[in-house]
Amino acid sequence: MKKTKAILLTCLAVLGLTACGNSADKSNDSVSDNQTSVEATETSGDYAGKTLKVAGLDGGYGTEGWNAVIKKFEEKTGATVESQFEKNISEVLRPEIQAGNSPDVIYLSVGQADSLTSTMIKENMVTDITDVLDMKIPGEDTTVKEKIIPGFTDTFVTNPYGDGKTYLAPLFYSPAGLWYNKAMFKEGGGKYELPETMDEFIALGEEAKKDGVSLFTYPVAGYFDTFLFSLAYEVGGEELFDKLMNYDPKAWQDEATPMFEVTGDILQYLNPNTVAQANKESFTQNQLSVMKNETLFMPNGSWIVGEMKDAQGVADNFEWGFMALPSYKGSDRYAYSFFEQAFIPTDAKEPELAKEFLAYLYSDEAAKLFAENGGAIQPIVNYSDFIVDENSKLYYSIYDEDVKPALGSWASSPVVEGVDIHKSLFDTINSVANGEKTVKDWQQEVVDSVTKINDAIEAEK
């Protein structure tokens, strides 16, 4: 798999998507005190007598995987690990961090609602962990760098300062793409051919229209991030994606035009009920339209399988299918992937032990424990060895054959009053879909927002 490059995921609502998924439960509700201290089973080892403090989000994957990994790590190192996982971990940690009592390792991704991780990055409170990439994984002869899937440590998520150094460790990834009912296509005994190019995709829209079936729907407009970010790679490759995510007005005005035009063409074949149902209360009805054979495709993440498992009115022949974005004019095909992060605060009391712990998270042993206890999949080269659920194999296998991962989102930027790039780029799609705005109106709105952000960035230099 060739290296791919991606840009910093910020706290913009772009990442509100992940709240629906398995990878980031953003609830601020507190849970019962689940602070744990797993006693080390050995008193010998390189770190015997030392205590590592780990804190993180009790999210969609739960905490069983972490507890199992921590126990094994203690056995290998002789250290004691005190862990605390909460649904409102940011609220819990903020006063402790301000008082100088940071944990040694924090599992909390960029983009969470209260921006704790993003704030710590801006305040230079995150440790350089570049040396971890060259460390041998405890119990293995492989280095961390050799184990992680190419691309995951070459992003502005993991390297937020643009200095060539890594500060956040990539964890638990979740592919997103286009979901469909296999039974509607020839692979499942149906009528239609799966489209491999955008031209075939649009042609299928016309064919399905004659049968009273819509080509496309979306849960809410925000789900277009996975679609448009993949499309950016297909239209202009890594170079264009860099420009767009770094608020280059000219790139948005000129080079990005095919992205807007292709999306506009697809919206001509949108399920007519989509916009009316594209809200927090009714978005599942848009998803259900695929399961009822009323719509062929929708963009979504891997959580859709669990989210809709009890849906009513599903077609008798329904079976989930999943594919990458169709190729644009002969380009490579891409599928967007969310991923989470962990890091070491600069005031960690046991930084070397913390680095040993991060290295261990990429071991086969740890990957297997995470997969079997919550379903989290580490971004390591032999990830498929640890997938036990058949539905999980469906979407994690998307990168096995000629599909590349698209990673990341917007570069960090100052707040500009009255400008919301998420609304400009994504929410405006609803207005295009119902005819209130043209595709050109949509593109110009994005260009205007990007220009103001770019001006603010230049003013800070």
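The values are calculated or read from the model by the stated rules, or taken from the named source; none is laboratory data. None of these values were measured; they are calculated from a predicted model. Counting neighbours? That spans all protein chains shown, and the Cβs are built from the backbone with ideal geometry, glycine included. Just the protein is used for accessible areas: all its heavy atoms, side chains included, with ligands, DNA and RNA removed. Shrake-Rupley method; radii C 1.70, N 1.55, O 1.52, S 1.80 Å.
Looking only at the range 366-388, which residues are open to solvent by 70 Å² or more (accessible area, probe 1.4 Å) and farther than 22 Å from residue 168 by Cβ?
Those that are open to solvent by 70 Å² or more (accessible area, probe 1.4 Å) and farther than 22 Å from residue 168 by Cβ: 368, 372, 385, 388.
Within the range 113-137, count every residue that is open to solvent by 20 Å² or more (accessible area, probe 1.4 Å), in contact with a helix residue (DSSP H, G or I) (Cβ under 7 Å, 6 or more places away or on another chain) and assigned to a loop (DSSP other than H, G, I, E, B).
Number satisfying all stated conditions: 3.
Being open to solvent by less than 10 Å² (accessible area, probe 1.4 Å), in contact with a strand residue (DSSP E or B) (Cβ under 9 Å, 6 or more places away or on another chain) and either modelled with pLDDT under 95 or not aliphatic (A, V, I, L, M) (or both): is that true of residue 102 here?
It is true that residue 102 is open to solvent by less than 10 Å² (accessible area, probe 1.4 Å), in contact with a strand residue (DSSP E or B) (Cβ under 9 Å, 6 or more places away or on another chain) and either modelled with pLDDT under 95 or not aliphatic (A, V, I, L, M) (or both).
Name, by its number, the condition in (1) outside any helix (DSSP H, G or I); (2) at pLDDT 95 or above; (3) not small (Gly, Ala, Ser) that does not hold for residue 61.
(2) is the only condition that residue 61 fails.
Just to be sure, is residue 399 open to solvent by less than 10 Å² (accessible area, probe 1.4 Å) and among the hydroxyl-bearing types (Ser, Thr, Tyr)?
So residue 399 fails the test.
Give all pairs with beta carbons closer than 7 Å in which a residue from the range 173-184 that is open to solvent by 10 Å² or more (accessible area, probe 1.4 Å) and at pLDDT 95 or above meets a residue that is among the hydroxyl-bearing types (Ser, Thr, Tyr) and in a strand (DSSP E or B); count only pairs at least 6 apart in sequence or on separate chains.
Within 7 Å, the pairs are 184/192.
Among the residues that make up the range 70-77, is at least one of them crowded, with 22+ Cβ neighbours inside 10 Å and at pLDDT below 95?
No, every residue in the range 70-77 fails to be crowded, with 22+ Cβ neighbours inside 10 Å and at pLDDT below 95.
Which is closer than 30 Å to residue 282 by Cα and either free of Cβ contacts under 8 Å to residues at least 60 places away in the same chain or open to solvent by less than 10 Å² (accessible area, probe 1.4 Å) (or both), of 244, 228?
228 is the lone residue from the list that is closer than 30 Å to residue 282 by Cα and either free of Cβ contacts under 8 Å to residues at least 60 places away in the same chain or open to solvent by less than 10 Å² (accessible area, probe 1.4 Å) (or both).
Give 86, 140, 82 a once-over and let me know the one that is open to solvent by less than 50 Å² (accessible area, probe 1.4 Å), without any contact (Cβ under 8 Å) to a residue 60 or more places away in the chain and not β-branched (Val, Ile, Thr).
Every option except 86 fails the conditions.
Would you confirm, using the coordinates I've provided, whether residue 194 is closer than 30 Å to residue 290 by Cβ, hydrophobic (A, V, I, L, M, F, W, C) and open to solvent by 20 Å² or more (accessible area, probe 1.4 Å)?
Considered against the rule, which asks whether it is closer than 30 Å to residue 290 by Cβ, hydrophobic (A, V, I, L, M, F, W, C) and open to solvent by 20 Å² or more (accessible area, probe 1.4 Å), residue 194 comes out as yes.
Of the residues 250, 309, 243, only one is within 30 Å of residue 414 (Cα to Cα) and either modelled with pLDDT under 95 or touching a strand residue (DSSP E or B) at 6+ places or on another chain (Cβ under 7 Å) (or both); which?
The unique qualifying residue is 243.
Limited to the range 415-436, what total is found for residues that are farther than 17 Å from residue 456 by Cα and open to solvent by 70 Å² or more (accessible area, probe 1.4 Å)?
Of the residues in that region, 3 qualify.
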